[in-house]
Amino acid sequence: MTVKIPGAFVGVNVGFGSTSLPAAEDVVTILKAHQFTHVRLFDADRRMLNALANTGIEVMVGVTNGELLGIGESPSLAAAWINKNVGAYLPATNITAIAVGSEVLTTIPHVASVLVPAMSYLHRALVASNLNFQVKISSPQSMDVISRSFPPSTATFNSTWNSTIYQFLQFLKNTGSFYMLNAYPYYGYVSGDGIFPIEYALFQQLSPTKQIVDPNTVFRYTSMFDAMVDAAYYSMGALNFSGIPIIVTESGWPWLGGVNEPDATAENAETYNSNLIRRVVNNTGTPGWPSLPVSTYIYELFNEDKRRGPTSEKNWGMFYTNGSAVYTLSLTSLDMVTGNSSQGVFCIAKHDADSKSLETGLDWACGQGKANCLSIQVGRPCYEPDTLQNHASFAYNDYYQRTKSSGGTCDFGGTAMITSADPSHGSCVFTGSSRSEMSGISTPFSAFGPVSTLSARGTTLQVPDAAVLIPAILAMFQILSS
């Protein structure tokens, strides 16, 4: 039995090792704003699963390494895990896969013996709940389980794991699941110590003198990513398993490193992830398996500053926790946006926020925060409706759009929230709206005197002398040329 993948998708990993994660609802807003259709959670976080309900986003939940041993020794515990973390959320939350552990064989080898039993017990629980056709089970493996990955045609699994790997692949075959691979050309390039050109790791064109060819198959590899995927396919083939498709559960590039990590740069991260997106949505396979597209989850949505290790370990995120992009990524043919977009992300006041707290936030935004609050003055386009919630939303958003690239947040004492819905209305155009391009509004501050009161509430606003109302123009990013 094999599972068919009709088309490749680009998903994203969401980790929780950050000291300043936004609320689950805001994370989902960011996912929707950038049109991610697939997300992988490293656990089964209740708040995220609730927030993802009714979004249509396909969700991969995770059994943590800490949970694995207990589940692998107890069918009843496995059944309870499924009921609590999967059955309780379906069908509203579109859970389609379970990742059992993470790189178990290479990170916690003493637990390897219970990996396949754990997967089997979880699958048995899915069958009992009639969920086995919707939810697939697998376990992400690192490239380290392959003893030598190049040339791909000679790749084999490390013989230390032969028995476990064989049982693992038999489970995938029997249940119609897929092999989950964590493929990181960054590590392959760095550990190669100059063996491979960096262009090969970044999906960039190679000169004729740098062509990478498998001498046995004469397949030409234009990227290390493809070679890694083929190495996994050939390794499965060496154990006489075929027809099991690969999904790359993690791949990415760090954008910041320490003094001894010169290749961890924003430029390289932008290049790698942009090219990865383009490569995946081309819906093509690898040189060895051209008919099997390679769906991939990018690692990762946010930085995780709690992670141990060198600087690069903490800096893989594509977005800051306030929703702004760390670096610009290109659009894809699926219109998945991973940078700014015409759809946009906005910061508005919460509807249930306390009025005194809102006034404090509004005063700060238009004063110390230096938001441009001219449009919410009497007679200006955004004065109506004359409500505290409306005026605060405009000021909050103006501040957020101006400062998010430098770390500005959408919080304001807990009175603000992120939304993908454009709050513009009538002639009132919020900063960051796609309508900003067409509005043609450009009002010099010199046309108005100092601002005294906002409305009958008597809120005094200090507007910076250099304030100029110039709506931000969001430009669509160009798809990288071939």
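Look at the stretch 369-383: where a residue is part of a loop (DSSP other than H, G, I, E, B) and a partner is acidic (Asp, Glu), sitting 6+ places away or on another chain with Cβ atoms under 7 Å, you get Ala371/Asp398; Asn372/Asp398. Taking Ser291, is it in the same structural domain as Leu21 (by the TED database), under 16 Å from the mean Cα position of the chain (by Cα) and under 25 Å from Glu58 (Cβ atoms)? Judged against the criteria, Ser291 is not a match.
Restricting the stretch 147-177 to residues that are over 17 Å from Val100 (Cβ atoms) and in a loop (DSSP other than H, G, I, E, B), the residue that is least open to solvent (accessible area, probe 1.4 Å) is Ala155. When only residues in the stretch 178-193 that are more than 16 Å from Asn268 (Cβ to Cβ) and part of a loop (DSSP other than H, G, I, E, B) count, which is least open to solvent (accessible area, probe 1.4 Å)? The qualifying residue least open to solvent (accessible area, probe 1.4 Å) is Ala183.
Candidates in the stretch 396-433 are the residues that are without any contact (Cβ under 8 Å) to a residue 24 or more places away in the chain and closer than 19 Å to His351 by Cα; of these, the one that is surrounded by the most Cβ atoms within 10 Å (Cβ to Cβ) is Ser424. Number of residues in the stretch 1-36 that are under 18 Å from Thr284 (Cα atoms) and modelled with pLDDT of 85 or more: the value is 4. Cβ-Cβ contacts under 7 Å between residues 6 or more apart (or on different chains), taken from a first residue in the stretch 166-177 that is in the same structural domain as Ala112 (by the TED database) and closer than 16 Å to Gln134 by Cα to a second residue that is assigned to a helix (DSSP H, G or I) and open to solvent by 10 Å² or more (accessible area, probe 1.4 Å), are listed as Thr175/His123. No other residue among Lys306, Lys210 is under 24 Å from Phe16 (Cβ atoms), open to solvent by 40 Å² or more (accessible area, probe 1.4 Å), of a type in the set (Lys, Arg) and assigned by the TED database to the domain that holds Thr37 apart from Lys306. If the condition is being at pLDDT below 95 and among the hydroxyl-bearing types (Ser, Thr, Tyr), then the stretch 103-124 contributes Thr106, Thr107, Ser113.
The values are calculated or read from the model by the stated rules, or taken from the named source; none is laboratory data. Predicted model only: the values in this text are computed from it and were never measured. A quick note on method: Cβ atoms are made from the backbone with ideal geometry, for glycine too, and the neighbour counts reach across all protein chains shown. Keep in mind that these areas ignore ligands, DNA and RNA; they rest on the heavy atoms of the full protein, side chains included. Shrake-Rupley method; radii C 1.70, N 1.55, O 1.52, S 1.80 Å.
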